[in-house]
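Trainee: Provided herewith is a single structure, encoded as structure tokens, for subsequent inquiry.
The values are calculated or read from the model by the stated rules, or taken from the named source; none is laboratory data. Only a predicted model underlies this, so the values are computations on that prediction, with no experimental measurement involved. No Cβ is skipped: glycine too gets one built from the backbone with ideal geometry, and neighbour counts run over all protein chains shown. For the accessible areas, the whole protein counts, side chains as well, though only heavy atoms, and no ligand, DNA or RNA atoms are used. Shrake-Rupley method; radii C 1.70, N 1.55, O 1.52, S 1.80 Å.
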Amino acid sequence: MNVLVIGSGGREYAMVKALTKSPSVTKVSAIPGSSAISEMAYVPSSVELSSHSAVLSFCKDEEINLVCFGPEAPLVDGLSDFLRENDINVFGPSQVGSLLEGDKLFAKIFLKEFDIPTGDYIEVSDIASLKKALDETSWQTYVFKYKDLAGGKGVLVSKSKDEVMSFAKKFGVTKNQKEVVGYLEEPLYGWELSYICLVNETGYAVCPILQDHKRLKEEDEGPNTGGMGVVGPLKIEGSLEEQIKETIVKPTLEGFKKRDMLYRGVVYFGVMVTEKGPKVLEYNVRYGDPEAQLIFPLVDTDWFEVMNKVAKGEDFKLPEAKTYGACIVLAADGYPEKPKKGAVISGAKSESIYHAGTRKDRDRNWIVNGGRVLNVLGFSNDLESAISKAYENVSKVEFKGMQYRKDIGAKIIDKSFS
Ligand code: GLY
């Protein structure tokens, strides 16, 4: 079988690696791919992701049996629909399904329509509507969310009305704005988990439950990032998991059916466990990054077979993870605001390292080429030693300005997360 992976980061590195292990896969290709991915897969240099017809021609020429989507942007751009319309087998939701991530207002309306627990919100279009919302709400902390994709930069959490006003202006909240630009959202307090499911019309399967660390610095300080590290599987109480399934997962799948939304891929429920129960913070329509870097190695299965069944709308299963894992993200100097590229990396090649923002130079050195550079993994029979192993592996890597958190998983170990 021939598989095409769409994407180029650490998540796609993990996906390619998992797919190459399947006995039924003969060739994996990746677009746009990366230097590191090209060591495991065919990366055509001439195919642009933005040209849907070029991707389709590649699929036909290479007799691709399955296309697996990594990031959300090409889904929101309609590539999955275009390929399906041309008889290509696709793991990834339809364009309308991908709006759950691509349009946060669409997601909020969906959540409210199907009575799925989430924070309340007030729509914002022009300056007057934002000012009214800020003045009338009793929320002590203001959460402003821009509705469209903004590479993780469209959310502000602040106690200052002025800061919210100037942030919102940057995203188009102006005097004469008529359409909704975003919303002010009720802040949710509690602890967060990444509840990631594979989904199609036959049902769903839950991936290992993980906890991400979104802030750059220890103790959840500093700016928001794409994620600085994950640990898991989290063993949550059965009653909590039951609540997540009954009040969040099942109504979401019902919603897909009622709205006739074709959904064959991943639903990543960003869940906040609050005093009033679990609530949806956000939907993502893809594996998390760096969550995928743990999910694939933790679940010992034929990943081609699973994703192929999901893509075809057939029954599928996912075995439980038998071990624990930790993934520490090594980020570039200046990440997330302005990551500096070009530093030479030492110790970059090992089985415990999944590449993300790297490239190889002419002298065959690994070079920093993005914000999140490497994912360093550790696995063991218990979480604490998985985390220790991951940090031991981190100590073998070096590059100028390397940033990483030293407390990944610490709150889980000392149980202060609940
Ligand atoms: N790690 C968070 C995300 O993938 O959105």
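Trainee: Work out the charge dipole of the chain with +1 on the Cβ of Lys and Arg and -1 on the Cβ of Asp and Glu about the Cα centre, then indicate which of TYR268, VAL155, THR247 is farthest towards its positive end.
Mentor: VAL155
Trainee: PHE91's amide H: which non-local residues (gap 5+, or another chain) put their own amide H closer than 5 Å, with H modeled 1.01 Å from N in plane and none for Pro or chain starts?
Mentor: Here the answer is VAL67, CYS68, PHE69, since their amide H atoms fall under 5 Å of that of PHE91.
Trainee: Any idea of LYS217's accessible area? Nearest 10 Å², probe 1.4 Å.
Mentor: 100 Å²
Trainee: Shifting gears a bit: Okay, which of the stretch 172-200 sit inside 15 Å, backbone N to the point 7 Å along the Cα-Cβ direction of GLN140?
Mentor: 187-190, by backbone N distance to the label point.
Trainee: Which of ALA133, ALA41, ALA321 ends up with the largest GNM mean-square fluctuation for the chain, with Cα atoms connected below 10 Å?
Mentor: Its mean-square fluctuation being the largest, the pick is ALA133.
Trainee: For a label point 7 Å from the Cα of ASP120 along Cα→C-beta, name the residues of the stretch 275-291 whose backbone N is under 19 Å from it.
Mentor: What the label zone holds, given the 19 Å backbone N cut-off, is 275-282.
Trainee: What percent does the relative contact order of the chain come to when contacts are Cα pairs within less than 8 Å and at least six residues apart?
Mentor: Relative contact order here is 17 percent.
Trainee: Just grab the label-to-label distance for GLU186 and ASN381, each label 7 Å out from Cα along the Cβ direction, in nm (one decimal).
Mentor: Distance between the two pseudo-spin positions: 4.6 nm.
Trainee: Just how large is the dipole of the chain about the Cα centre, in debye to the nearest 20, putting +1 at every Lys and Arg Cβ and -1 at every Asp and Glu Cβ?
Mentor: Magnitude of the dipole: close to 940 debye.
Trainee: Looking only at ASN393, ASN381, ASN200, which one moves most when the chain is put into a Gaussian network model with springs between Cα atoms under 10 Å?
Mentor: Taking springs between Cα atoms under 10 Å, the residue moving most is ASN381.
Trainee: So how exposed is MET15, as accessible area in Å² (1.4 Å probe, rounded to 10)?
Mentor: Using a 1.4 Å probe on the heavy atoms, I get roughly 0 Å².
Trainee: Calculate the spin-label point distance for GLU275 paired with SER24, positioning each point 7 Å from the Cα along the beta-carbon direction, and give it in nanometres.
Mentor: Distance between the two pseudo-spin positions: 5.1 nm.
Trainee: Still on this structure, please answer the following. Which order do LYS161, LYS145 take when ranked by solvent-accessible area (1.4 Å probe, heavy atoms of all protein chains), largest first?
Mentor: Of LYS161, LYS145, the descending order of accessible area is LYS161, LYS145.
Trainee: Expected output is a single nm value to one decimal: the length gained when fully extending between SER388 and ASP220, i.e. 0.36 nm times separation in residues minus the C-alpha distance. What is it? Working shown, then result.
Mentor: Details: separation 168, 0.36 × 168 = 60.48 nm, distance 1.98 nm.
So the chain would gain 58.5 nm between SER388 and ASP220.
Trainee: If you don't mind, another one. Any chance you could run the full-extension gain for SER51 through LYS341? It's 0.36 nm times the residue separation minus the Cα-Cα distance, nm to one decimal. Write out the running numbers ahead of the final one.
Mentor: Working: separation 290, 0.36 × 290 = 104.40 nm, distance 2.72 nm.
Length difference between fully extended and current span is 101.7 nm.
Trainee: Could you compute how much accessible surface ASP87 exposes when probed at 1.4 Å, giving the result in Å² to the nearest 10?
Mentor: Approximately 140 Å² for this residue.
Trainee: Using only the heavy atoms of the protein chains and a 1.4 Å probe, how would TRP139, TRP366 rank by accessible area, largest first?
Mentor: Largest accessible area first, the residues go TRP139, TRP366.
Trainee: If you keep only loop residues by DSSP, which GluC sites (Glu not before Pro) in the stretch 342-418 have at most 12 other Cβ atoms within 10 Å of their Cβ?
Mentor: Answer in residue order: GLU351.
Trainee: Under 14 Å from the Cβ of PRO187, count the other residues' Cβ atoms, weight Lys and Arg +1, Asp and Glu -1, and hand me the total. Don't skip to the end; give the middle numbers.
Mentor: Working: positive: LYS145, LYS159, LYS276, LYS279; negative: ASP120, GLU185, GLU186, GLU192, GLU275, GLU282.
Result for the local shell: -2.
Trainee: Another question about this same structure. For the stretch 75-109, list residues with backbone N below 16 Å from a point placed 7 Å from the Cα of ALA205 toward its Cβ?
Mentor: Once the point is set 7 Å along Cα→Cβ of ALA205, 91-92 turn out to lie under 16 Å by backbone N, inside the stretch 75-109.
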